[in-house]
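Read-outs: derived from the displayed coordinates by stated rules, not from any lab. Given the structure is predicted, the values throughout are model-derived calculations rather than measurements. When we count neighbours, we look across all protein chains shown, and the Cβ atoms used for this are built from the backbone with ideal geometry, even at glycine.
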Amino acid sequence: MSSRPPDTSPKLVEDASFLADLVRDKRVIVCCGAGGVGKTTTAAAIGLAAAAQGRRTLVLTIDPARRLAEAMGLSESARVPTPVPRERLTPVGVPESGELHAWMLAPEVVFESMVRRLTTDEERVQEILDNRLYQHLSKVVAGMQEYTAAEALYGLSTDGRYDLVVLDTPPSRNALEFLEAPRKLSLFLDERVVGVFMPRGGAFWRTASELIDSVFTRAFGEGFYGELQSFLRAFSGMFGGMRAHADAVRQLLTSADASFVLVTSPEPVALAEAEYFHGRIAHMGLPFGGYVLNRSWAYTRGFASPEDIDLGPGAPIEEVGALLKLRQLADAERWRARRDRDLLAKLRMEGGTGAALATPHLGGAVEDLAGLAELARNLVRFDGA
Amino acid sequence: MCVGRNGRARRVIILHSLKSLLGLRAVLVTGKGGVGKTTVSAALARAAAATGKRVLCTEMYSDAEQGSPLAAALGVPELGDQPVEIAPGIRAAVLSPSLGHHKFLRDVLPMKLLGDAAMRSAAIRRFFSAAPTFPEMGVLYRLLDLVRDKRRDGTFEHELIIVDLPATGHALALAQIPESLLKVIPTGAVADAVREGLAFLRDPEQTGAVVVTLPENLPVSEAIELTHAIHTHQIPLAHVFVNRVPYDPFGPGERELLARVLDGKPPVLGARSLDRIDRARDALARLTREVRAPLSVVQDVWLEGPRLAEEVASLFSMERFA
């Protein structure tokens, strides 16, 4: 009766995946990848897997889906990381020693804490916070997310509060920009540029300054130039500190304490992006952990074939017809599974670390902590069940 | 049409005419990352060109090292700052912030010479390119410049400009820049330019936002939130595209029959596809209920790059003759 043998597709990965080592040993795990591949969910699941190992873990995220945010108890306006309550962690297997915190990065909050850390004088702090230009720059997110991520990573990975920080990179086309962001911002705030806007003696400087003044007044209206000067003056004391942070973040991320994980889906666009990131990670000398193949159909173990369903003689023609259509869908799934398993083998080879693993194609999206825990278990120990 | 052995399903169902969309001056395409914004942008450009329009297809940033997804979707190696014809009736370019800054300075300063001198000043150039939000303002000014550009016969150089925007979060952050900037600099030439840009972006006769999403629960929730945010910024919502909708082969009653057959049996291959079809059906129903904008459904097509955009566009164009 059975028309084909049970699915004997090869076991996808060894019992423990490369992520099992990472969540146990690393201090920072950075998740990169194209948008829409489940990067944020994967970062959250990695965090939960580390908490399940008894580690104090923080997940830093940028733009989580609302359900995921709710599952983790994230609030958009939180000024500090929020712990997932103990009573919700116990049912998903997190031991007493394990903690899971989450924080949605808000640029203005990160900026303000940076200003406070780098400026000891309270009057100076207020002067900066009250400046209209500062308020505009710190609230408008475009281009600031990258900087914020680096700055937050510096603060949180150095204060000893957490064993592991998992960073979900911004959904920017070049997510590794966050490594360059502090350098970029300090370019803008460079003393040499700033110096031009500051009053200075000499005929040459007076001419240059008059040109700039006339350009700015024409372009931005009266008063803006003064505002800009006071903004730059207030900020100028902080440059050294900002550059030191940038160097420290870079040092941490190139050390053996850090690991970069590439999340991708089987979509050609996502794969091309992952390949690009892999090249960049190698080029920048960053430690590469491995690939996570998400949203794949590679996982077919434990599924029966619709060909084996016997409707018995005299079954209504409509039922036979519907079952035939299901078989077509099953065929398409088999084709996708083969494609994704080939892909997985390719990623493993390309990764060089032998580290790539598939997560099952979960129905829809992860919407609660239990779903996240299931994903976390699959990520660290793909038991092929 | 059916799902073949190789999993391919090809057909696009257009639920609503695209005529009004292609009649605008600027179409801003946005959505969550990975939903197919760039494919839709390229397909719209091809479809508009097929109706005889002079189209300019643009994106905001281009990273030479990484390559441009829009260039890939249009089937060209890369995009430059100046519009270049890539197919009959279609030009493509990157909305260059520095060209916007330069044009702006030339427009506001009394002499062309002074504008050039200002741009030559390393400090001013660096300030404009590195100061946060200034590149974005340059992009807006560049867009306005391209919108206004006329030919000798008085017609517009680019009748329709399509902008492939970055992913949702970034695009919304961009949308709030003009208003935030007006608070910092309420007067002066920049403020005037920003006001003019805002007026253009908010004119439903000229500008329309297009939201692209996928037929799954969370993407649809996010698309609905995005339409609300677009509404908050007073930018007219022109169209919603639901991409990668799985083909549903089942007739009325067949799903229920199948549910009965599968009831109590272990999980079976094909059932995940069934779930996906069901989720897509629910998601589309919710989107239709909650969003008041023309909706188009694009079925799952296993193609990539320019061939995908061409396929989608050819089906957009067929609709004209239907």
Notebook entry, point to check: Peptide B:181-189: average number of partner chain Cβ atoms within 10 Å per residue?
Noted result: 6
Margin query: Set the bar at 30 Å for Cα to Cα. Now go through B:LYS53/B:LYS103; A:LYS26/B:LYS37; A:LYS26/A:LYS346 and name every pair that lies beyond it.
Written below: A:LYS26/B:LYS37
Notebook entry, point to check: Normalized C-alpha radius of gyration of the range B:128-283, against 2.2 N^0.38 Å?
Noted result: 1.51
Next item on the list: Arrange the following residues from fewest to most other Cβ atoms within 10 Å of their Cβ: A:THR57, A:THR119.
Entry: A:THR119, A:THR57
Notebook entry, point to check: For the pair A:ARG116 and B:LYS183, how long in nm is the line joining their label points, each one 7 Å along Cα→Cβ?
Noted result: 2.1 nm
Check: Suppose R0 equals 30 Å; then what is the FRET efficiency for A:ARG79 and A:GLU227 from their Cβ-Cβ distance, rounded to the nearest 0.05?
Finding: 0.65
Notebook entry, point to check: Which of the aspartates and glutamates could a cross-linker span from B:LYS32 if the Cα-Cα distance has to be under 13 Å and same-chain partners fewer than 8 positions apart are dropped?
Noted result: A:ASP63, B:ASP164, B:GLU216, B:GLU222, B:GLU225
Next item on the list: Starting with the highest mean, order A:83-89, B:90-96 by the number of other Cβ atoms within 10 Å, averaged over the residues of each peptide.
Entry: B:90-96, A:83-89
Check: Got a sec? How would B:ILE230, B:ILE86, B:ILE161 order by Cβ neighbour count within 10 Å, fewest to most?
Finding: B:ILE86, B:ILE230, B:ILE161
Notebook entry, point to check: With labels modelled as points extended 7 Å from the Cα through the Cβ direction, what inter-label distance (nm, one decimal) is found for B:ARG152 paired with A:ALA244?
Noted result: 6.5 nm
Check: What average count of beta carbons from other chains do you get within 10 Å of the Cβ of residues in B:263-269?
Finding: 6
Notebook entry, point to check: Between A:ALA282 and B:THR232, how many nm apart are label points set 7 Å from Cα along the C-beta direction?
Noted result: 4.3 nm
Margin query: Restricting to Cα atoms and excluding each atom paired with itself, what does the Kirkwood estimate give for the range B:231-282 in Å?
Written below: 13.8 Å
Notebook entry, point to check: Peptide A:317-328: average number of partner chain Cβ atoms within 10 Å per residue?
Noted result: 6
